[in-house]
């Protein structure tokens, strides 16, 4: 077999779906697993390998001629073809359609194997029945027999284990293992627990793009990929707030935040001045501006972490700052995530406790937590796909995982205001998608106002329609 | 002014020395209420002054700073510290007449002049707070009868006081009320509210007395905390160089060795620190510590006696009057020592190696902690105080040496502690001279040759029993238990 190489390939499927800018190299000896969410284009990608769709641009090389494909789409196509043959309306005869035996024989290169397969998969009793009368599971088995007996140069299987009974599944897995020594395979699966041993690489498809390619031996990247898939596909709800943890109610006619004619100045250097900003309940904001324009300073005027919050006219959560309120009365309304917080969060405690610390706005946990708080933290860990790791030390997590846990910590109390100061900063592509996926879930299922600091258009979050830009020229 | 302690009858001296109680969290349910709406004015804006003020303001209290007129006019660092953090700054005359609570966070040696200046300006019935009792106890400062006098002393550098507060925690804090100046009986309530305002109540508050704080604090800092670590650093370094150990290695072993070995002390007392050694090494360390205790005991007694009689403080006050001539000379000498001038080498030393190759250092810590504790309790200081001022603070001081050697330690501690440290060091280095001659690299620098780690059962049992039954271990177990309750999770 040759190296299969796709360079900047785009494929159109009847104008309904497009794969774009696919770059993919499959070397001899590799077996790929393709995964992604529903509708991401993973089935389209493997179908394109089998020659389906219309190639719009890019260069292809090394794709063998004999590619066997098993997929629902192709199964549906075959059945449709069978139905078209049934032109009984015209001839006024009852057509049974093509028998199963004939369907299997077409293209069969290994009659002994075909016989063995028909017996093993329990197809013998229906060998003379019309193909289109079979159940979906039975049709699937016929498709597998056709593919496996065609002596392909590349075997492409889209969800091959779906709907197979226990014995058939065991046999198929066994057979594929043997076949893998001679035939390269590309398999679509949505469940990582079914990955066959022989798979060497995993591809992740997102929105018609081949977003990630990971070597299976790279355990850290595999774990991230698993988590990404989990966040994208699980139908978990964002966990509820603690019913016992009631924030003092805010006056609905007040804004969450009102900053009037604010200035931050260090010695002679004015970071910004004359800044006015009002954040209403449930308003989502994106804050941007060049480095040094005072974005983080502005945020810390709101959180109370900036000492100059006491010399500015700042109204937050019903408190005019500097009138006898404590910083903890302010912080109870805010969830906060930033790279700086992550650096500061150097505590030798477990993940569950880090999330629980969000109820107390503390770095580290210094108060006894309730069973309810523990249960809520565990729900968040489940949402993050980290249930098994609840007691692992936070400091031992990867950079990206720590960010996810801190977002959960910020959200655990369902704060009226969630501040995300460049939450994707320092994250690799996959972890960025993880973080964005989590934030989008939060935005969609919550009554939290989100204040999002971001520069990168590709990291934009849907639903944020208010923008404040600091110019960095000591005025806004 | 006369030494206040010396004016008291013996039974009152003993009663005051015996005060130290660990307060429970439920004693702080009133929070900062006693200080709400009161005008708090801080004198001095160094590390303690600024960081305590930031915490108090973030706890909802009204904080401003008063500085001497020159400091304001010349916009000195203290003025910058206060103004850049958005605090109101004013002269004594501008702010003190309306202040309800005045926090005196200036260095000891300025207290007499500062307090004499501010007292006439303070309003009737106001409160004056100290963070160290030296001025009251040793200098006998008399405060106007209508003024309430309290002490609130966070037991950490100012930067830690702030960092722990921001994390939602605090640092262990000692509070006291000067019984002679509590005209309205509100001293304790004010001190508790102040401790809450700085976050101290979350980490543990000790209720003590001015006298117990001063007499135990002076003893601890002069002997085990600073004096012993400085003496040990210099002796161990010179010994290793003499024995041909690489200078970079020797420098690193000492600079980080105190921190690493006393970390074990912090978690499990002398017992745990000793348990980190192999059995043969533990027995060696035990024997070395016993020898050093016998040699150094008279020195510890002398320090405690001089502290109790006031000899130490009058000697130091003479030096204040002489423009700190001794202090500055000793400081310069320390900067010139071989240990101080040799940078830590670029060599890997594992955590365990600091124990294995630093047996003598472990023995020095054990000897110093136990002697200081024994001497303090024999002088009437309650075991709780003696524990905090010896074993508990040793790791904190060891951390400063790890940062920048003896320079950092002496820069971080107060001038009072630094002066006492040099006094101890000058007496202790020659005292241990003969002993050190008999030392070789098996207990400092290279470690024991452990082809056979066997020990005699009876001897090991004897040594373990002696380590574990020391009174500092008994009180340490109880107090670490309280602290663990408060800091249960991290």
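Here residue A:339 does not qualify as at the interface with chain B (Cβ under 8 Å from one of its Cβ atoms), crowded, with 18+ Cβ neighbours inside 10 Å and touching a residue at least 12 places away in the same chain (Cβ under 8 Å).
Within the option set A:397, A:404, being over 30 Å from residue A:274 (Cα atoms), more than 13 Å from every other protein chain (Cβ to nearest Cβ), crowded, with 19+ Cβ neighbours inside 10 Å and within 25 Å of the chain's Cα centre (by Cα) holds for one residue only, A:404.
Please determine whether any residue of region A:267-287 is at the interface with chain B (Cβ under 10 Å from one of its Cβ atoms) and closer than 24 Å to residue B:57 by Cβ.
Residues of region A:267-287 that are at the interface with chain B (Cβ under 10 Å from one of its Cβ atoms), as a first pass: A:267.
Filter again for closer than 24 Å to residue B:57 by Cβ, leaving A:267.
Checking region A:267-287: at least one residue is at the interface with chain B (Cβ under 10 Å from one of its Cβ atoms) and closer than 24 Å to residue B:57 by Cβ.
Here residue A:314 meets the list (1) within 14 Å of chain B (Cβ to nearest Cβ); (2) modelled with pLDDT under 95; (3) in contact with a helix residue (DSSP H, G or I) (Cβ under 7 Å, 6 or more places away or on another chain) almost entirely, failing just condition (2). Only a single item in (1) assigned to a helix (DSSP H, G or I); (2) buried (at least 22 other Cβ atoms within 10 Å of the Cβ) is not met by residue B:395, and it is number (2).
Would you check which residues across region B:59-72 are surrounded by fewer than 21 Cβ atoms within 10 Å (Cβ to Cβ) and more than 13 Å from every other protein chain (Cβ to nearest Cβ) and list them? B:68, B:69, B:70, B:71, B:72 - these are the residues of region B:59-72 that are surrounded by fewer than 21 Cβ atoms within 10 Å (Cβ to Cβ) and more than 13 Å from every other protein chain (Cβ to nearest Cβ). Quick check: is even one residue across region A:140-153 modelled with pLDDT under 90 and over 22 Å from residue A:50 (Cα atoms)? Taking every residue of region A:140-153 in turn, none turns out to be modelled with pLDDT under 90 and over 22 Å from residue A:50 (Cα atoms).
Exactly one residue among B:15, B:2 is touching a residue at least 60 places away in the same chain (Cβ under 8 Å) and farther than 26 Å from residue B:170 by Cα, and that residue is B:2. Elements of the type strands (runs of 3 or more DSSP E) sitting completely within region A:414-476 and holding at least 2 residues that are at pLDDT 75 or above and within 20 Å of residue A:238 (Cβ to Cβ): these cover A:417-421, A:449-453.
Any chance region B:150-158 includes a residue that's surrounded by fewer than 17 Cβ atoms within 10 Å (Cβ to Cβ) and more than 25 Å from residue B:92 (Cα to Cα)? Spell out the reasoning first.
Residues of region B:150-158 that are surrounded by fewer than 17 Cβ atoms within 10 Å (Cβ to Cβ), as a first pass: none.
No: zero hits.
Applying the criterion of at least 3 residues that are within 14 Å of chain A (Cβ to nearest Cβ) to the helices (runs of 4 or more DSSP H) found wholly in region B:3-58 leaves B:47-58. In this structure, is residue A:330 under 22 Å from residue A:244 (Cα atoms), buried (at least 22 other Cβ atoms within 10 Å of the Cβ) and modelled with pLDDT of 95 or more? In short, yes.
Somewhere in region B:412-426, is a residue away from every other protein chain (no Cβ under 14 Å) and over 17 Å from the mean Cα position of the chain (by Cα)? I'd like the intermediate steps shown before the answer.
The first filter runs over region B:412-426 and keeps only residues away from every other protein chain (no Cβ under 14 Å), leaving B:412-426.
The next check asks that each one be over 17 Å from the mean Cα position of the chain (by Cα); those that pass are B:426.
Checked against the condition, which is being away from every other protein chain (no Cβ under 14 Å) and over 17 Å from the mean Cα position of the chain (by Cα), region B:412-426 yields at least one hit.
Kindly evaluate residue A:385 against the criterion of being assigned to a loop (DSSP other than H, G, I, E, B), more than 9 Å from chain B (Cβ to nearest Cβ) and either within 30 Å of the chain's Cα centre (by Cα) or at pLDDT 95 or above (or both). Spelling it out, residue A:385 is indeed assigned to a loop (DSSP other than H, G, I, E, B), more than 9 Å from chain B (Cβ to nearest Cβ) and either within 30 Å of the chain's Cα centre (by Cα) or at pLDDT 95 or above (or both).
If the condition is being more than 20 Å from residue B:361 (Cβ to Cβ) and surrounded by 12 or more Cβ atoms within 10 Å (Cβ to Cβ), then region B:457-467 contributes B:459, B:460, B:462, B:464.
In region A:363-379 there is no residue that is more than 10 Å from chain B (Cβ to nearest Cβ), part of a strand (DSSP E or B), surrounded by fewer than 18 Cβ atoms within 10 Å (Cβ to Cβ) and over 29 Å from the mean Cα position of the chain (by Cα).
Before we move on, is residue B:114 more than 14 Å from chain A (Cβ to nearest Cβ) and part of a strand (DSSP E or B)?
Values: more than 14 Å from chain A (Cβ to nearest Cβ): yes; part of a strand (DSSP E or B): no.
No.
Exactly one residue out of B:218, B:225, B:188, B:234 is closer than 30 Å to residue B:33 by Cβ, in a helix (DSSP H, G or I) and more than 14 Å from chain A (Cβ to nearest Cβ): that is B:188.
Can you tell me how many residues in region A:317-327 are in contact with a helix residue (DSSP H, G or I) (Cβ under 8 Å, 6 or more places away or on another chain) and either under 29 Å from residue A:383 (Cβ atoms) or away from chain B (no Cβ under 11 Å) (or both)? So that I can check it myself, show each step before the final result.
Filtering region A:317-327 down to residues in contact with a helix residue (DSSP H, G or I) (Cβ under 8 Å, 6 or more places away or on another chain) leaves A:317, A:319, A:321-322, A:326-327.
Restricting the remaining residues to those that are either under 29 Å from residue A:383 (Cβ atoms) or away from chain B (no Cβ under 11 Å) (or both) gives A:317.
Here the count works out to 1.
Would you call residue A:25 surrounded by 12 or more Cβ atoms within 10 Å (Cβ to Cβ), without any contact (Cβ under 8 Å) to a residue 24 or more places away in the chain and either touching a strand residue (DSSP E or B) at 6+ places or on another chain (Cβ under 7 Å) or within 13 Å of residue A:210 (Cα to Cα) (or both)? Against the criterion (surrounded by 12 or more Cβ atoms within 10 Å (Cβ to Cβ), without any contact (Cβ under 8 Å) to a residue 24 or more places away in the chain and either touching a strand residue (DSSP E or B) at 6+ places or on another chain (Cβ under 7 Å) or within 13 Å of residue A:210 (Cα to Cα) (or both)), residue A:25 qualifies. Can you spot a residue in region A:343-359 that is surrounded by fewer than 20 Cβ atoms within 10 Å (Cβ to Cβ) and part of a helix (DSSP H, G or I)? Yes: one or more hits.
The values are calculated or read from the model by the stated rules, or taken from the named source; none is laboratory data. Small disclaimer: the values here were computed from a predicted structure and weren't measured. A quick note on method: Cβ atoms are made from the backbone with ideal geometry, for glycine too, and the neighbour counts reach across all protein chains shown.
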